[in-house]
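Structure, as structure tokens:
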Amino acid sequence: MRLLGVVLCSLAVIVGWVAFLWRDTFDPASLSGARVLITGASTGIGEQMAYHYARFGAQIVLTARREAVLQKVAEKCLELGAKKALVFPADMASPSEPEKFVRFALEQLGGLDYVVLNHIGWTPFEMWSGDVAHVRWLMEVNFLSYVAITSAALPALTESKGGIIVLSSLTGRIATPFTASYSATKFALEGFFGSLRHELAMQEKDVSVTVCILGLIDTESALNKTRDVVDMKAAPVSDTALAIVKAGATRTMELFYPWTIQLLCLIRDWFPEQRNGIIRGFYNFPSPSA
Ligand SMILES: NC(=O)c1ccc[n+]([C@@H]2O[C@H](COP(=O)([O-])OP(=O)(O)OC[C@H]3O[C@@H](n4cnc5c(N)ncnc54)[C@H](OP(=O)(O)O)[C@@H]3O)[C@@H](O)[C@H]2O)c1
Ligand SMILES: *[C@@H]1O[C@H](CO)[C@@H](O)[C@H](O)[C@H]1NC(C)=O
């Protein structure tokens with residue numbers, strides 16, 4: 001009886017602690033009028049984040065390459081309640097675009113509260129083929145443009161005590177097959193923004209850095225690539241986008257979505273063989289000897 005009491009009490013404490021850690025501290029009003037930049041906002045997770053920010057009444061500047069598609073997203077943002085929704089079409093492979101984008105946003109909004117770094121260049125989902133030029137290009141699009149946007153936006157974010165939200169991936173923490181170039185760009189982001197977060201704290205600058213470690217999300221581009229090859233349930237894009245917006249607003253350091261991704265990250269360094277076995281277990285790939 002006594003033992004049962006101890007066990008039940010311990011369980012209650014653990015459940016209470018987990019509930020405390022997972023409690024929703026998000027205040028929707030904190031995003032009303034917030035000045036937000038979103039990259040890769042024409043489709044996928046970026047588009048859905050734009051709609052969530054719009055519902056909370058934010059002022060948004062959207063970028064991606066396709067102007068007409070961006071315009072449609074901006075119109076829908078206004079219908080959903082955005083206080084402003086402007087577009088800046090740009091190709092982030094061009095080294096001069098990131099700074100122009102931030103300058104445009106600062107002129108239009110007069111300051112910045114959140115910078116959401118989300119775009120990625122197209123990359124094949126296949127074995128590394130030796131294409132070095134592709135890696136160089138992808139580094140520019142997926143990594144260097146993030147650095148350049150951050151550099152241009154930091155003074156404004158420091159003033160507003162704002163936040164940077166960076167879209168990483170499971171493959172930014174644990175390498176996966178068929179993603180060598182993409183994975184490299186995400187590891188680069190993790191290193192850069194992890195280091196920057198330290199330095200902001202050391203300088204007592206109150207700018208939050210939220211890194212989002214995502215599993216498979218059901219955007220069209222991700223499903224197109226992984227269908228028939230990866231056996232993993234994809235999380236819904238709108239829920240994912242909302243979780244990211246909330247994580248940024250609550251200044252969360254790391255978001256794992258879906259949460260099961262965190263389990264894989266936990267075993268990463270302790271059980272490397274098992275980790276790699278689990279990762280390759282998700283792939284349907286015919287053995288060459290079969
Ligand atoms: N979906 C997943 O399963 C998954 C998993 C882990 C992490 N993530 C991360 O989540 C983020 C969003 O993924 P997603 O699946 O939503 O991607 P997506 O649907 O492919 O959207 C990519 C966005 O980037 C823009 N873009 C492409 N090339 C560009 C360029 N050269 N310059 C500027 N913009 C460019 C695209 O618009 P335009 O074509 O109009 O330029 C589009 O808006 C990425 O950082 C990705 O790594 C996704
Ligand atoms: C996905 O594949 C379909 C069919 O091949 C194609 O029409 C569509 O453009 C692809 N979408 C993306 C985002 O790659």
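Readers should treat all values here as calculations from the given coordinates under stated rules, not as data from a laboratory. What you are looking at is a predicted structure, and each value in this text was computed from that prediction instead of being measured. Glycine also receives a Cβ, built like all others from the backbone with ideal geometry; neighbour counts cover every protein chain displayed.
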Most fluctuating residue given options K246, K186, K100, as computed from a GNM of the chain linking Cα atoms under 10 Å: K100
If I model a spin label at T250 and E126 as a point 7 Å from the Cα along the Cα→Cβ vector, what separation in nanometres do I get? 4.2
Just V15, V207, V135 to compare: in a GNM of the chain, with alpha carbon springs under 10 Å, which one fluctuates most? V15
For a quick check: with amide H placed at 1.01 Å from N, whose amide H comes under 5 Å from D218's, ignoring anything fewer than 5 positions away on the same chain? A235, V237
How much length would be gained if the chain were fully extended between D231 and A12, taking 0.36 nm per residue of separation minus their Cα-Cα distance, in nm to one decimal? 75.2 nm
Out of L157, L263, L112, a Gaussian network model of the chain with alpha-carbon springs under 10 Å gives the largest mean-square fluctuation to L263
Reachable lysines from K161, criterion Cα separation under 16 angstrom, eight or more residues apart if same chain: K205
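Is it possible to state the helix-based mean residue ellipticity at 222 nm for the chain, with each DSSP H run of 4+ residues giving -39500 (n - 2.57), the sum divided by total residues, to the nearest 500 deg cm²/dmol? What is it?
Values: 11 runs with 145 residues, N = 290.
It comes out at -16000 deg cm²/dmol, rounded to the nearest 500.
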Where N is the number of residues in segment 193-253, Cα Rg divided by 2.2 N^0.38 Å: 1.48
Dimensionless Rg ratio for the chain, taking C-alpha atoms and the 2.2 N^0.38 Å reference: 1.07
For segment 122-258, alpha-carbon Rg and Dmax in angstrom: 15.8, 48
